[in-house]
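Visitor: Take a look at the following structure, please.
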């Protein structure tokens, strides 16, 4: 009998071709630079050392292999601190920014330690790179591999989630603080957290001082491979690596996946006026898109520079970075910030079949991860509905790239605000956006649906403010989106008016219900479930304070909203009817059966799609056979009654609906606890005519 011996736990510790790799009693340091004329390794004893304890020169004859400088240093190991230093041409007019005095962060750093230290003689002292031993006892942890169609995504900021004193955690603002709040996340019913950037970004300015407007959100990359040190409890070099892994393992144990928001579109080095910290001082012409012969930086990111993502060297770096986060940190997927930049060639032109976009989609070691594009950039590219479409081949059944559906956000906001002629757009988004995705061979779950994201108003503020109020950002209220499709319903900001307050409550519940009952994948921002406010600030990128932090008092103060959201997620997870893997067709799901979807106006007859009404009845039949869940559950019939008008309306149930027994699930106009019945045991309709107040939604489920 053939005996199988258990395999040791898989640890990817030396697959990176660059950076600092521990082996054979020492560390191999490897760095790419084509144009450098000399390279040095600076070693430090302590994090706060101003000067290196040892400077080791790379031998150009024996330590250079092609364009890679590589040297083995015996007798050192993990926690060793280092910089690179490179000589080479200083010719900014042609894109060369070499500075033989500059201390350079390793582009492949697995961790950073310390802060900027005060410069001396014009020499910047950035955080130090750390040699990291990647071993971690995962105790058998693996990726959860939940189907994207079954996902409910919760976008959150690691620091802001627990930094407030109201959080009551032992380790506020940290990876370990997130672990302490896992019971709350689990109670919400979300299946994945989408973490705003956790790769390294500056905490202080290059002078070592606290930044006047810090990039609290983290969209200012400094080292793509390294977890942010500011979210660690431990102060020892590399503590953030261990603590990030602890967080991921704990989330997985709770059944929650981890998706990272990655920013492969620019770095914190900025334009020609910015500092030389890493990429600029090693091979500026390769790492960045340049213009005017190399003298200026192309700025498709809106942040001063643009990563040259389709250069083979940079493409390789991004490729290995993604593998690093998946296999060393067990993350389950990525959301790519300003992803359309990845579709630009080395001259900045938008191209089909962009090499990096295809490499990400086709990489066999990333094949069980989720990849989500923010399918636009800051220079006018807008590819919602088409990101990566030209890549697909007959050999792959699924379309890998999902997208943040910006059209969903805008259309749903406008419909519930009462904008003229938006019923058709509402129906299209509710149905999974087939106009955007079906023609490209994709599915409803390629659409990541959201009403709000970190970038813009909170859901509470969306129904409380007509205008943005970003004065505290220090930019004279010029920053932030000017077209938020928001409304205040008569008073700007908080109000004691009971009618306005009641309407805002309905609108919040209308949009939460719509989001959770739409085909596609719902995403909610942390705090929307308990009415978190930013006091009208729709661009709180620099607000590392109570404006941005999660106020945990709201969980109790607005418990009715938390309960409402929990009921919605519970329903969604149990009902394949509202999270189909295939688009609705209007045809019977079984022979001689009822259509999978039917649309009616408030009178219970066919909708006049050329009209301008905003009242609608939707009747959904459950899927059948292979379209059901793996456990055989197919869900129940669902009926939606929607009144987005400013007047009460009477709804006449259509003939198809009268043949079923219904139970009320959601009524956004009712007070808690009658606004939602998580056990699907709400009252049945008394008659075939139902009255809905203005701007309200009601959902019924067939009595099982």
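The values are calculated or read from the model by the stated rules, or taken from the named source; none is laboratory data. The structure displayed is predicted, hence computed values, not measured ones. Heads up, the Cβs are rebuilt from the backbone with ideal geometry, glycines too, and the neighbour counts pull from every protein chain shown.
Visitor: In region 492-509, which residue that is on the phi < 0 side of the Ramachandran plot and not in a helix (DSSP H, G or I) is surrounded by the most Cβ atoms within 10 Å (Cβ to Cβ)?
Guide: Step one: filter region 492-509 for residues on the phi < 0 side of the Ramachandran plot, giving 492, 494-509.
This time we only want the ones that are not in a helix (DSSP H, G or I), so: 492, 494-497.
Details: 492: 13, 494: 13, 495: 15, 496: 7, 497: 12.
That would be 495.
Visitor: Turning to a different aspect of this structure: Quick check: is even one residue across region 95-118 farther than 30 Å from residue 293 by Cα, surrounded by fewer than 16 Cβ atoms within 10 Å (Cβ to Cβ) and either over 34 Å from the mean Cα position of the chain (by Cα) or in the same structural domain as residue 235 (by TED's automatic domain parsing) (or both)?
Guide: Yes, region 95-118 has at least one match.
Visitor: Additional query: Residues to consider are 238, 205, 218; find the one that is under 28 Å from residue 280 (Cα atoms) and surrounded by fewer than 21 Cβ atoms within 10 Å (Cβ to Cβ).
Guide: 205
Visitor: Considering only region 301-343, state which residues are outside any helix (DSSP H, G or I), under 25 Å from residue 34 (Cα atoms) and touching a helix residue (DSSP H, G or I) at 6+ places or on another chain (Cβ under 8 Å). Working first, answer last.
Guide: Residues of region 301-343 outside any helix (DSSP H, G or I): 301-311, 330-338.
Okay, now just the ones that are also under 25 Å from residue 34 (Cα atoms), so 304-311.
Correct list: 306, 307, 308, 309, 310, 311.
Visitor: Separate question: With the requirement that a residue be in contact with a helix residue (DSSP H, G or I) (Cβ under 6 Å, 6 or more places away or on another chain) and crowded, with 16+ Cβ neighbours inside 10 Å, what does region 344-354 give you?
Guide: Within region 344-354, 350, 354 meet the criteria.
Visitor: Mind checking whether some residue in region 236-250 is outside any helix (DSSP H, G or I) and either more than 30 Å from residue 305 (Cα to Cα) or touching a helix residue (DSSP H, G or I) at 6+ places or on another chain (Cβ under 7 Å) (or both)?
Guide: Yes; the residues of region 236-250 include at least one that is outside any helix (DSSP H, G or I) and either more than 30 Å from residue 305 (Cα to Cα) or touching a helix residue (DSSP H, G or I) at 6+ places or on another chain (Cβ under 7 Å) (or both).
Visitor: Out of curiosity, is residue 396 surrounded by fewer than 21 Cβ atoms within 10 Å (Cβ to Cβ), more than 18 Å from residue 640 (Cβ to Cβ), at pLDDT 95 or above and more than 24 Å from the chain's Cα centre (by Cα)?
Guide: Here the answer is no, as residue 396 does not meet what is asked.
To keep it simple, each residue is scored yes or no on (1) at positive phi; (2) more than 21 Å from the chain's Cα centre (by Cα).
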| residue | (1), (2) |
| --- | --- |
| 191 | no, no |
| 228 | no, no |
| 251 | no, no |
| 255 | yes, no |
| 274 | no, yes |
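Visitor: Just for strands (runs of 3 or more DSSP E) wholly inside region 32-84: which have at least 1 residues that are modelled with pLDDT of 95 or more and either buried (at least 19 other Cβ atoms within 10 Å of the Cβ) or in contact with a helix residue (DSSP H, G or I) (Cβ under 6 Å, 6 or more places away or on another chain) (or both)?
Guide: 38-44, 68-74
Visitor: Which members of region 115-132 meet the condition of being outside any strand (DSSP E or B), in contact with a strand residue (DSSP E or B) (Cβ under 7 Å, 6 or more places away or on another chain) and modelled with pLDDT of 95 or more?
Guide: 127, 131
Visitor: Would you say residue 199 is touching a strand residue (DSSP E or B) at 6+ places or on another chain (Cβ under 7 Å), within 23 Å of residue 548 (Cβ to Cβ) and surrounded by fewer than 24 Cβ atoms within 10 Å (Cβ to Cβ)? Spell out the reasoning first.
Guide: Details: touching a strand residue (DSSP E or B) at 6+ places or on another chain (Cβ under 7 Å): yes; within 23 Å of residue 548 (Cβ to Cβ): yes; surrounded by fewer than 24 Cβ atoms within 10 Å (Cβ to Cβ): yes.
Yes, satisfied.
Visitor: Could you tell me how many of the residues in region 649-688 are exposed (fewer than 13 other Cβ atoms within 10 Å of the Cβ) and within 39 Å of the chain's Cα centre (by Cα)?
Guide: 6
Visitor: A further question on this structure: Could you pull out the residue among 284, 271 that is free of Cβ contacts under 8 Å to residues at least 60 places away in the same chain, in contact with a strand residue (DSSP E or B) (Cβ under 6 Å, 6 or more places away or on another chain) and either surrounded by 22 or more Cβ atoms within 10 Å (Cβ to Cβ) or part of a loop (DSSP other than H, G, I, E, B) (or both)?
Guide: 271
Residue-by-condition table, conditions (1) closer than 20 Å to residue 697 by Cβ; (2) crowded, with 21+ Cβ neighbours inside 10 Å; (3) touching a residue at least 40 places away in the same chain (Cβ under 8 Å):
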site: 420; (1), (2), (3): yes, no, yes
site: 450; (1), (2), (3): yes, yes, yes
site: 461; (1), (2), (3): no, yes, yes
site: 465; (1), (2), (3): no, yes, yes
site: 468; (1), (2), (3): no, yes, yes
site: 476; (1), (2), (3): no, no, no
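Visitor: Another question, then. Being farther than 20 Å from residue 376 by Cα, at pLDDT 95 or above and assigned by TED's automatic domain parsing to the domain that holds residue 384, is that true of even one residue in region 444-457?
Guide: Scanning region 444-457 turns up no residue that is farther than 20 Å from residue 376 by Cα, at pLDDT 95 or above and assigned by TED's automatic domain parsing to the domain that holds residue 384.
Visitor: Right, another one. Find all pairs meeting these conditions: Cβ atoms under 8 angstrom apart; at least six residues apart or on different chains; first residue within region 328-344 and at pLDDT below 95; second residue buried (at least 24 other Cβ atoms within 10 Å of the Cβ) and in a helix (DSSP H, G or I).
Guide: Hits for this filter: zero, empty list.
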